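Data first, discussion second: the structure below is written as C-alpha cells.
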Amino acid sequence: MPSVFFIKEYKMAQYGFPHKEHLVSRTDIEALFVHKSGVINDFPLRLIYKEMPDTADDVPIKVLISVSKRHFKLAVDRNRAKRQIREAYRLNKAILWDALVPKGKKVHIAFLWLSDNPVKSTQIVSSVQALLYALRDRI
C-alpha cells in the first residue's frame with residue numbers, strides 16, 4: 001500500500017513526468033518485451049504492458065517511449081514524435097494512476113510508434129487516451 005506522503009506528492013505533481021517514472025532498466029525492458037501481459041493497438045501507437053509484482057518501488061507505472069529509425073530516418077522527426085507521445089501521456093496519465101494507486105498494483109508500459117508519417121498532436125492525444133482507458137479496463 002502506498003504511503004500517505006506519496007499520495008500527497010502525486011496529487012501535487014499530478015501532471016509531471018519525472019525520471020523515476022521512466023522505464024530505463026535493461027532487465028525490465030527485456031522482461032516487458034519477452035513476457036508481456038498484453039498488447040493494445042490504436043493507430044498510430046501500440047501499447048505493450050506487463051503487470052508487475054508489488055515491490056519496494058514507490059511508482060506504480062513506469063513508461064518507455066520508442067520511435068524506430070525505420071519509421072523516421074531523421075532524428076528531428078523521431079524526437080518530435082517522442083515529444084508528442086510524452087506530452088500526451090503526461091497530461092492523461094491520471095486515467096491509469098487513479099485506477100492503480102488505490103489497488104496497489106504496478107505496471108510497466110511501452111508506447112511504440114507505428115506510422116511512417118508524422119501525425120498531428122490531437123490524434124496522438126486521442127490515441128493515448130484510448131490506449132490508457134483500454135489498459136485500465138484490462139487491469
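Among the listed residues 116, 98, which satisfies the condition of being loosely packed, with under 15 Cβ neighbours inside 10 Å and at pLDDT below 90? Reasoning before the result, please.
Numbers: 116 fails: at pLDDT below 90.
Residue meeting the stated conditions: 98.
If we keep just the residues of region 19-31 that are in a loop (DSSP other than H, G, I, E, B) and among the aliphatic types (A, V, I, L, M), which is nearest to the chain's Cα centre (by Cα)? Explain how you work it out, then say what you get.
Just the residues of region 19-31 that are in a loop (DSSP other than H, G, I, E, B), to begin with: 23-25.
Subsequent filtering for residues that are among the aliphatic types (A, V, I, L, M) retains 23-24.
On the way: 23: 9, 24: 12 Å.
Checked region 19-31; the qualifying residue nearest to the chain's Cα centre (by Cα) is 23.
How about region 32-54: which of its residues are more than 13 Å from the chain's Cα centre (by Cα), loosely packed, with under 15 Cβ neighbours inside 10 Å and either farther than 22 Å from residue 139 by Cα or free of Cβ contacts under 8 Å to residues at least 12 places away in the same chain (or both)?
Matches in region 32-54: 34 only.
Suppose we filter region 89-100 for residues that are under 20 Å from residue 120 (Cβ atoms) and in contact with a strand residue (DSSP E or B) (Cβ under 9 Å, 6 or more places away or on another chain); how many remain?
The initial filter retains those residues of region 89-100 that are under 20 Å from residue 120 (Cβ atoms), namely 89-92.
Filter once more, keeping what is in contact with a strand residue (DSSP E or B) (Cβ under 9 Å, 6 or more places away or on another chain): 89.
Number satisfying all stated conditions: 1.
So in region 16-30, with the set limited to residues that are at pLDDT 90 or above and of a type in the set (A, V, I, L, M, F, W, C), which one is surrounded by the fewest Cβ atoms within 10 Å (Cβ to Cβ)?
Residue satisfying both the conditions and the ranking: 24.
Within region 60-113, how many residues turn out to be under 16 Å from residue 128 (Cα atoms), of a type outside the set (A, V, I, L, M, F, W, C) and touching a residue at least 12 places away in the same chain (Cβ under 8 Å)?
Residues that pass the stated criteria total 12.
Among (1) closer than 14 Å to residue 109 by Cα; (2) of a type in the set (A, V, I, L, M); (3) at pLDDT below 90, where does residue 12 come up short?
Against the list (1) closer than 14 Å to residue 109 by Cα; (2) of a type in the set (A, V, I, L, M); (3) at pLDDT below 90, residue 12 comes up short only on (1).
Please go through region 61-90 and pick out each residue that is of a type in the set (A, V, I, L, M, F, W, C) and surrounded by 15 or more Cβ atoms within 10 Å (Cβ to Cβ).
The initial filter retains those residues of region 61-90 that are of a type in the set (A, V, I, L, M, F, W, C), namely 61, 63-65, 67, 72, 74-76, 81, 85, 88.
61, 63, 64, 65, 67, 72, 81, 85, 88 - these are the residues of region 61-90 that are of a type in the set (A, V, I, L, M, F, W, C) and surrounded by 15 or more Cβ atoms within 10 Å (Cβ to Cβ).
The values are calculated or read from the model by the stated rules, or taken from the named source; none is laboratory data. Just so we're clear, the structure is a prediction, and the values are computed from it rather than from any experiment. Glycine gets a Cβ as well: all are built from the backbone with ideal geometry, and neighbour counts include every protein chain shown.
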